[in-house]
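Below is one structure; the comments refer to it alone.
The values are calculated or read from the model by the stated rules, or taken from the named source; none is laboratory data. Please read all numbers here as calculations on a predicted model, not as lab measurements. Cβ placement follows ideal geometry from the backbone for every residue including glycine, while neighbour counts extend to all protein chains displayed.
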């Protein structure tokens, strides 16, 4: 099993290109199931999760071609001959459940295994089921599979989510594009990935208003057509690499970075003593002093502080001046990286959904283990600020959400290498 070796070696300088968003692309790819015509996605990230979604779509009969070194995904679903999303594929990645709504809308039936992914919380399917049943679907859970059918087609409805779930919003929105009549999703997720999916669906002929707000209105159409759409910039990769010069020192420009994608995150960086400035090519980041100030963080749905940047922010707070409290309100198991940071000399006390971090002058390199996708990169960031060598094990998590991570870090001067396992 591969590992990553990091040596703390001082300030970073240069540019890091930011890829297309993993979470956006994983919702855009199943949208091909809504139409017989081709869908082309540009600025696609090159990640193992994208390969998993490709495998799933191909198992359903879709044609998927990876072009231009993986940065273009060409999809066609003119011949869907299978409506069963098998456990052996779905278990690898939670976003696999996003084939449910499109298949139900276009084919009138779908059998989808309950999903897998990182072990960071329950993330139940209840909201997806509730929303699709409101549209007229009949759904039954049997032997670990959701058996869904809509023999009379789907019909528009007013659906109020009791939590602003991104996945449920995406599944319901895609299904509603081909439903008869008007659908209104209340308390909808507002993330940029939702807006990106809506823009793509509109290019395919869908009638959608309100994406990016709490109320999304979809007027169903008889059919959707093909389209070409660029995947939005990955705000989580952006935020992650923004922290590199803050932790290690120096100044780095993030190519393709946009302030509107990371507003709440940038507010916390400013409070901590970090300068973020817009450039023609993206965003430039550097800390104002030798050490950042401790700040409190509470994760919230967009436009609040992203849960997917909490682990990375904790790594920064480990060497901040003062004591910070990080409150995790999205996923209940998302402090599993804390014991690994403690191995590096961090002072962290976890009590339920709160982690109290008292900054230390310097972390020390140690062998550590990645427990999930975002935890893995937080340990690499911590390694940039540590004395000596840090070895991050189980980095297969990393490959799910960060492309060419060693190349991007080393391109700005970090001493980092991937060590192949036996």
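On the given criteria, is residue 412 crowded, with 19+ Cβ neighbours inside 10 Å and not assigned by TED's automatic domain parsing to the domain that holds residue 52? Answer is yes for this residue. Checking 164, 168, 188, 175 one by one, the residue that is surrounded by fewer than 24 Cβ atoms within 10 Å (Cβ to Cβ) and closer than 18 Å to residue 125 by Cα is 164 and no other.
Looking only at residues of the stretch 345-370 that are assigned to a loop (DSSP other than H, G, I, E, B) and either free of Cβ contacts under 8 Å to residues at least 12 places away in the same chain or farther than 18 Å from residue 243 by Cα (or both), we find that the one that is nearest to the chain's Cα centre (by Cα) is 370. In this entry, residue 44 passes the filter for residues that are outside any helix (DSSP H, G or I), in contact with a strand residue (DSSP E or B) (Cβ under 7 Å, 6 or more places away or on another chain) and crowded, with 24+ Cβ neighbours inside 10 Å. Considering the stretch 191-243, and only residues there that are assigned to a strand (DSSP E or B) and closer than 24 Å to residue 306 by Cα, the residue that is nearest to the chain's Cα centre (by Cα) turns out to be 233.
Assigned to a loop (DSSP other than H, G, I, E, B) and either in the same structural domain as residue 373 (by TED's automatic domain parsing) or closer than 27 Å to residue 44 by Cα (or both), is that true of residue 188? Break it down stepwise before answering.
Working: assigned to a loop (DSSP other than H, G, I, E, B): yes; either in the same structural domain as residue 373 (by TED's automatic domain parsing) or closer than 27 Å to residue 44 by Cα (or both): yes.
Yes: the conditions hold for residue 188.
Restricting attention to the stretch 378-392, the residues that are at pLDDT 95 or above and outside any strand (DSSP E or B) total 8.
Of the residues making up the stretch 393-418, those that are at pLDDT below 95 and either more than 27 Å from residue 284 (Cβ to Cβ) or assigned to a strand (DSSP E or B) (or both) are 393, 394, 395, 396, 397, 399, 400.
Can you name every residue in the stretch 252-289 that is within 15 Å of residue 11 (Cβ to Cβ) and either touching a residue at least 60 places away in the same chain (Cβ under 8 Å) or in contact with a strand residue (DSSP E or B) (Cβ under 7 Å, 6 or more places away or on another chain) (or both)?
First, pick out the residues of the stretch 252-289 that are within 15 Å of residue 11 (Cβ to Cβ): 252-253, 274-275, 284-289.
252, 253, 274, 275, 284, 285, 286, 287, 288 - these are the residues of the stretch 252-289 that are within 15 Å of residue 11 (Cβ to Cβ) and either touching a residue at least 60 places away in the same chain (Cβ under 8 Å) or in contact with a strand residue (DSSP E or B) (Cβ under 7 Å, 6 or more places away or on another chain) (or both).
Scanning the stretch 256-277 for any residue that is exposed (fewer than 15 other Cβ atoms within 10 Å of the Cβ), under 25 Å from residue 400 (Cβ atoms) and either assigned by TED's automatic domain parsing to the domain that holds residue 163 or under 25 Å from the mean Cα position of the chain (by Cα) (or both) turns up nothing.
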